[in-house]
Structures are given as C-alpha cells and as structure tokens.
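The values are calculated or read from the model by the stated rules, or taken from the named source; none is laboratory data. On a predicted model such as this, the values are computed, not experimentally measured, just so you know. Neighbour counts run over all protein chains shown; Cβ positions are idealised from the backbone, glycine included. Side chains are part of the model used for accessible areas, which takes the heavy atoms of the whole protein and leaves out ligands, DNA and RNA. Shrake-Rupley method; radii C 1.70, N 1.55, O 1.52, S 1.80 Å.
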Amino acid sequence: MEWCPSGGRREGRLGLLGAACGDGTVRVWVIPTMDTVQEEGRIYQKEADMSLVCGEEEKVGECLSLSWYRGPGHNHVAASFSSGFVTLWDMATTSTLLREGSTLLPRQTWLAHTGSVTGLSLCPGEEEVPRYLVTGGSDRCYRFWDLRDTGVALQEVKRGLVSGVRWLAGCSAASVSYDDVYLQGHTQTIITETGYYSSRSHPVIAQNSAVLDQDMSHWVGSIAIGTAGGELVVFVVPPVDKNMEHDKNLGQRKTYVFRTEVNKETKEEMDFRQYESMREVTTMKYLDMPVKKSGQKGFNKDD
C-alpha cells in the first residue's frame, strides 16, 4: 500500500491510499478524517473510489507492488505484476478511451522482466509526467528504464533475487535489497548508480538473512530495511556523486533500531532445525537498540 505523496487532504478527507491487489488491480480509497467518523471502535468496509485495471487481469497476474509519483500533481501511479509486466496510469486523464466511471485503463504497459516484478520505484522529478523508473524481479535482475522508450532498459544488472528497490531523491541512484536464496552469506543492500557518473554499485548494509522490504525517507535521506532474521536497520545515505569506497564514516551511518535473539533453555542435543523442537525449549527476545548513546555503561561492546 502507498499514500498519495501530497496526501490529497481536504476538508473531511485524510488522504488517498492506493493498494496493490491480488486480482491484478490497484484500488484507490479516499480515507475520511477521524472527526468525520462519529462512532469510535468500529470497523468500516468501504468500496474503492477508483479502480486502476489492465483490461485483462488474468493475463497480468497478481499486482505485487506500486509506486506513486512524487512530482507535480502526483497524478501517476506505477504497478508491477507477477507476469513480469509493469503498468503506468495517469489518474488525471480525461480520455474516454481510458476512463469509464471510476475505472481507469493504463497509459503505458510493457514486459519489464522474464519473472515476477517484486519491486519498482518512480524517480521523483519536476516534470508532470514521470521520466525514469527502477524495477527488480525474480529473474535476478534490477533494471533502470526511460519511460519515453521502454524497448530497452537503460541499465541491467543480474545478481540475486531482488526483494525491494527505492529511488533516492535528488540522486541518479537507487537502493536495491535482496533475498538470500542465491546469495547465502553474502546478502547485502546496495546503492547503485544509473550510469550517469559511471560509478559502480556499493554495498551499504550487510545482513545474514533475506530483506523482506525496504523504505526510503525523502526528508532525511535514510533507508530502512527489515530482515527475516528480525533486524530493523536504518542507513543514512551519503552524497552519491562521490565514491563511497573511500568514505571512512560509512560504518557510522548505520544503526540497528531493534533485533531479535533466540535463547535456548536446555543443554540437550536436539535438532533445532525442527520448529517443534525449538518451540518447547527456546524463547525469542526482542532487543530495542538505543538511538543516542548517553554513556558506555549497559552497552555490549559487540553490539
């Protein structure tokens, strides 16, 4: 799900919320403000105010992710599908060929990957129509696209199963995170440049498990990732136009918000790969990591 970047907030309206749905559509709801909801403690079911469809949903498959354009008007939404297709809608169009009531057909669709497209992100810009897009898929590739000509990708890199991509605001670069299915022991979140500066991709966060998803704060220029190992890590992005290889402070830009530990309460030899064995004799401990260091006491040196 993703909020409209400008919120779409008006009187009695909290904002616009888009959701990628399993039936191959993107639905957009107008969310009311809390003061317009009279009774508290209730669950509401609301029909979608707009449905973004591809025409033949059974051919494009499930909608896996979406990206709302951060540019003038915020009128464009891009979505990716399990069939490898990527689709772009113009929500402000008045074309009778594309709009019928609350249903909207796309202005652009193309086959971006040979497998499912697990993540995509539109480049923030000052144009009313988005120009660039980054995608990642289960075909072990991430690709940069020029939306004016999607016949060939601007850049294609094959490395591992991509679990998430985010375009970095104000930079010709994106962050890419991976599942560890092909990269066991070498799973990293990287920052990769589109090719404008001809600098190579650089790993910024190392983890020993799959990254489930990532997000980007455009206000403070930070990336947050959540891993299958129970870690939440935040990384502050340095200037991308400089070579990160010689940045001595790169390690200080990363902080763990929390992590998990598994404590074994027995000394018996057991097969801890079985969930039934683990459940009886172990506990899971959630550890919040301090953001500000008030002193050296109480901190594990290894952490």
Which ones in segment 221-261 are aliphatic (A, V, I, L, M), part of a loop (DSSP other than H, G, I, E, B), within 21 Å of Ser201 (Cβ to Cβ) and under 19 Å from the mean Cα position of the chain (by Cα)? Val237
How about segment 5-26: which of its residues are at pLDDT 90 or above and touching a Gly at 6+ places or on another chain (Cβ under 7 Å)? Leu16, Gly24, Val26
Among the numbered criteria (1) of a type in the set (Asp, Glu); (2) open to solvent by 30 Å² or more (accessible area, probe 1.4 Å); (3) more than 23 Å from Lys59 (Cα to Cα), which single criterion is violated by Asp146? (2)
Among the numbered conditions (1) buried (at least 16 other Cβ atoms within 10 Å of the Cβ); (2) touching a residue at least 60 places away in the same chain (Cβ under 8 Å), tell me where Phe235 comes up short. (2)
The lone exception for Asn243 - which of (1) of a type in the set (S, T, N, Q); (2) surrounded by 15 or more Cβ atoms within 10 Å (Cβ to Cβ); (3) under 28 Å from Leu161 (Cα atoms) it fails: (2)
If you scan segment 262-282, which residues turn out to be part of a strand (DSSP E or B) and exposed (fewer than 10 other Cβ atoms within 10 Å of the Cβ)? Asn263
With segment 90-157 as the region, which strands (runs of 3 or more DSSP E) entirely inside it contain at least 1 residues that are free of Cβ contacts under 8 Å to residues at least 40 places away in the same chain? 108-111, 141-146
Can you name the residue in segment 166-219 that is assigned to a loop (DSSP other than H, G, I, E, B), among the hydroxyl-bearing types (Ser, Thr, Tyr) and in contact with a Leu (Cβ under 7 Å, 6 or more places away or on another chain) and is also surrounded by the fewest Cβ atoms within 10 Å (Cβ to Cβ) among such residues? Tyr182
